[in-house]
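I have placed the structure first, in the form of structure tokens, so that the comments after it can refer back to it.
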Amino acid sequence: MSQNYMPLWGLTLVALASNACYPSLDADTASTYDSDTESTSTTDPTDATSATEIATTGTTETAGSDTGTASSSTDTRPGPACGNGVVEGREACDDGNDDNTDECVEECVDAKCGDGFTQAGVEECDDGAENGDYDKCASDCSGPGPRCGDGEMQTIEDEECDNGVDNQDPVSYGGCSKDCKQGPRCGDGEVQVEEEICDDGDLLGDDYDCSEDCKDVNPGLVFVTSKTFKGDLSTKDQGDQEPDGAGLAKADAWCQALAENAVPALPGTYKAWLSD
């Protein structure tokens, strides 16, 4: 009787599958095993291949190989966000609204003077980095800063005057306009007919032209000395009352000294009237 031997590779696969699931044998497939591990099989090559595939599949399942797609755990919760009403991360506050007049302003920071937002009930104004500048908010946000109309003349902004609430438009004589420019006045060099009789462009009342209030022309007083003054008045040949100085200044000083020593003394300030 002839014997059929199972190839070595077949034995190996069967051995690997010995701890796995065995395929059930039907009536067409019969195998006998003797003590020398010899087997007699009537299984054709096709059936052996099928059994091997099944055994191999069973072994794979027993080994527990994971052929599925690896799962990942992704945190889908939203991160910190300004405006959600919850103080998170580096936020100083978060009131959940976009109102910049309360205690918490945009970007979730505490309101303060200088942030450019006027806090209701606390600040009168807030111009940010420009606080304290001319015609801006005060540096402490308490109200308007230096400006035309505050009653103080701001020379850095070329204000000519500032009468505060009394600034006028149109401006009257001697007044100040609403843009802090002087109106018609004594000393501007123009005679305001209804208010002045003269205006020499200054407010000096000790000259021969116009009084300091532009209301009167100063009378001029001339006196003639009994002594003749000649040549260089810087020389000391004019008597015992020699004044200091030289040139025109000394000539004026001579006139003043003579007026003060006259009998009676002549009041006022005098200057020399020189002629050749």
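The values are calculated or read from the model by the stated rules, or taken from the named source; none is laboratory data. Just so we're clear, the structure is a prediction, and the values are computed from it rather than from any experiment. No Cβ is skipped: glycine too gets one built from the backbone with ideal geometry, and neighbour counts run over all protein chains shown.
A few points about this structure:
- Restricting the first member to segment 257-270 and to residues that are under 12 Å from Phe223 (Cα atoms), and the second to residues that are assigned to a loop (DSSP other than H, G, I, E, B) and of a type in the set (Val, Ile, Thr), the beta-carbon pairs closer than 8 Å and six or more apart or on different chains are Leu258/Thr225.
- Residue within segment 156-167 that is more than 30 Å from Val193 (Cβ to Cβ), not charged (D, E, K, R) and not assigned by TED's automatic domain parsing to the domain that holds Val193 present: yes
- Close pairs from segment 107-122: first at pLDDT 95 or above, partner surrounded by 18 or more Cβ atoms within 10 Å (Cβ to Cβ) and among the aromatic types (Phe, Trp, Tyr), Cβ under 7 Å, at least 6 apart: Ala111/Phe117
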